[in-house]
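The structure appears below as structure tokens.
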Amino acid sequence: MARITLSCLPASWYCSVSLLSLNCATKQRLLFLVLLFITSILLLATYQRQLWGTQRRPGARVNKYFSIVESMEATDILNSALNYGIVVDCGSSGSRVFVYYWPPHNGNPHTLLDIRQMRDSDRKPVVKKIKPGISTLANTPTQASDYLEPLLRFAAAHVPTSKHKETPLYILCTAGMRLLPESQQAAILEDLVMDVPLEFDFLFSRSHAEVISGKQEGVYAWIGINFVLGRFDHPDEEDATVEVTTGSENQPPISRRRTVGIMDMGGASLQIAYEVPSAITFSSPQEEEAGKSVLAEFNLGCDVEQTQHVYRVYVTTFLGFGGNMARQRYEDQLVNSTLAKNGFLTTETGLIEEKPYLDPCLPVSMSDTITRGNHTLYLRGQGDWSRCQEAVRPFLGLHNGTMSPQGIYQAPINFSNSEFYGFSEFYYCMEDVLRIGGQYSSDKYAQAAKDYCTTKWSTLKQRLDNELFSQQADISRLKYQCFKSAWMYEVLHSGFRFPYDYPSLKTAQLVYDKEVQWTLGAILFKTRFLPLRDLQQETLRQGHPGWLRPSFVYNHHLFSLCLLVVVLAILLYILRLRRIHQRELRQAEALDLLWAEEGEALLP
Ligand SMILES: Nc1nc2c(ncn2[C@@H]2O[C@H](COP(=O)(O)OP(=O)(O)OP(=O)(O)O)[C@@H](O)[C@H]2O)c(=O)[nH]1
């Protein structure tokens, strides 16, 4: 006899139904309910995976690549569901505008907004740069909004006009402005706050124009690259992971994707940022105090209650350590020491053209002059890589072997389980003329830099004219390449103490064909609460009877309730069938008894 046995969780709910004893319609209904139950379970499992982000499913990587390919397409400006955001990076050497966009949030509080760089109809990233830096307006602050106008016009022409009012605009200034006195910074920002809204309709208020700290810049750069690399997603089997303790020390560690550290060398400042997976034990209260100022703990999740996206990042900035400023400091020192030496020895080295100072950091045979006040120093390139390294090392301000001008605490780096990306000058130094941008190898880099330094200036200029260098390389790059490559090398190995055989440093400008800038991290950070706002609005809409929308499945409480109702209905139905079955059995027994009695009565 065929039997379907349904084990319904607790033993007390155990029931067995004989199929053969049920009529056909009942059997069909029972089968339908069983199928419904199985489908519900499967559906729940599928949604749970999709909604709550367990990305161990085999398609996760494929989806990521689809998303990358999609983000390289022209932005669909006809899609009214897209949101836009604009960030202007006012750096020391120039200002750049970046336009970002993102589709509506998927409703899962554990995922971040999918912010992407806008691409025009030719699929080119919507970016525009102008030179010089905004800090050159220190004495004419009322021209600040005119200065930025070409960038804002450019952004306004790309963002659909109907979206301008809801598009946030952030004007964020870095090291160039940080070096100005506060009153000059304030005057420039004031001009922007007053005049930009007169010309443009973007969402822009006083808090949207600021001089960000080096710490913020480092954190934003760190967020930007890790977001693009998908390091905030859940790990696949093949991903490198780290054990992380977040929140209070009593919380058990969680295993998360290993994030990458960043080093970003601009014109004026240098930033380094990397995750510190476990709480640091400080050796003294002084060290603890110093440590706190360079550790940033922040929650990238939209809900402060969720600790899944809490990150503890060591971030520090070195003002004056950018490539251009380092060269300036070096030249200042050359002038001062030459003047002092000449005064003392009454020699004329460097002070007359015929007797130039031999600079190991300029390419061989290159002539240059430095003017400070009414003094001019004459230089001639020596192109000596090793001597140049020695010459730049004192500018690292090493303090007990650490690059720390004010004794800045450096959190330890786990060189055997880490990965770093170098941006801006780290990339330009390797790529613009050396053409070895990407994977860093200290031997290969040192050799290429040495060869460059020892190449005659006339040959280098010839190569530039023959377009043998990258498109971005100009005469200034050629002039300072030898210095900057030695500076970068020293920063890396003597300053941050990266082992010479460190295998996991890449330098990059584009990652997955996206220009990874700290600006992306800035907009991600500044819009991190938008998903929560959207979710709250969604919940409010759901409270309204007419607003039952497809996204209701994102409400997992509602979904669980539905499932519970289905399961209860099935169980009640089975109990009822059982009761009917028992009643039928009893009736059959009664009938048998009756027949037996009748049979007996009929027997002669
Ligand atoms: N090859 C190349 N060089 C660039 C590019 N943008 C800027 N530079 C040069 O690189 C150096 C550093 O510039 P950035 O990285 O833009 O630094 P910044 O934002 O001006 O400087 P901070 O204010 O210190 O952050 C300068 O000498 C620039 O002229 C670029 O897209 N390609």
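Counting only residues that are exposed (fewer than 11 other Cβ atoms within 10 Å of the Cβ) and either over 23 Å from G266 (Cα atoms) or more than 8 Å from the ligand (Cβ to nearest atom) (or both), region 472-484 holds 1 of them.
Every residue, every condition in (1) under 30 Å from E210 (Cβ atoms); (2) modelled with pLDDT of 65 or more; (3) touching a helix residue (DSSP H, G or I) at 6+ places or on another chain (Cβ under 9 Å); (4) among the aromatic types (F, W, Y), yes or no:
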position	(1), (2), (3), (4)
E515	yes, yes, no, no
G543	no, no, no, no
L568	no, yes, no, no
R583	no, yes, no, no
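Close Cβ contacts (under 8 Å, 6 or more residues apart or on different chains) running from residues in region 427-453 that are in contact (Cβ under 8 Å) with a residue 40 or more places away in the chain and among the β-branched types (V, I, T) to residues that are within 14 Å of the ligand (Cβ to nearest atom) and assigned to a loop (DSSP other than H, G, I, E, B) comprise V433/F469; V433/S470; V433/A473.
Restricted to region 419-470, the set of helices (runs of 4 or more DSSP H) holding at least 1 residues that are within 16 Å of the ligand (Cβ to nearest atom) and under 24 Å from the mean Cα position of the chain (by Cα) comprises 425-431. Note on region 137-216: enclosed helices (runs of 4 or more DSSP H) holding 1 or more residues that are surrounded by fewer than 21 Cβ atoms within 10 Å (Cβ to Cβ) and more than 16 Å from the ligand (Cβ to nearest atom) are 144-158, 182-199. Only a single item in (1) at pLDDT below 95; (2) over 14 Å from F498 (Cβ atoms) is not met by L434, and it is number (1). Restricting region 82-113 to residues that are polar (S, T, N, Q) and within 13 Å of the ligand (Cβ to nearest atom), the residue that is nearest to S213 (Cα to Cα) is S92.
Selection of region 114-136 for residues being within 16 Å of the ligand (Cβ to nearest atom) and either outside any strand (DSSP E or B) or within 19 Å of Y84 (Cβ to Cβ) (or both) yields Q117, K124, P125, V126, V127, K128, K131, P132, G133, I134, S135, T136. For region 456-482, filtering for residues that are among the hydrophobic types (A, V, I, L, M, F, W, C) and touching a Phe, Trp or Tyr at 6+ places or on another chain (Cβ under 7 Å) leaves 1. Condition first: surrounded by fewer than 20 Cβ atoms within 10 Å (Cβ to Cβ) and on the phi < 0 side of the Ramachandran plot. Now tell me which residues in region 112-124 satisfy that. Result: D114, D120, S121, D122, K124.
The values are calculated or read from the model by the stated rules, or taken from the named source; none is laboratory data. Note that the structure is predicted; figures quoted are calculated from it, not measured. Cβ sites come from the backbone with ideal geometry, for glycine too, and all protein chains shown count toward neighbours.
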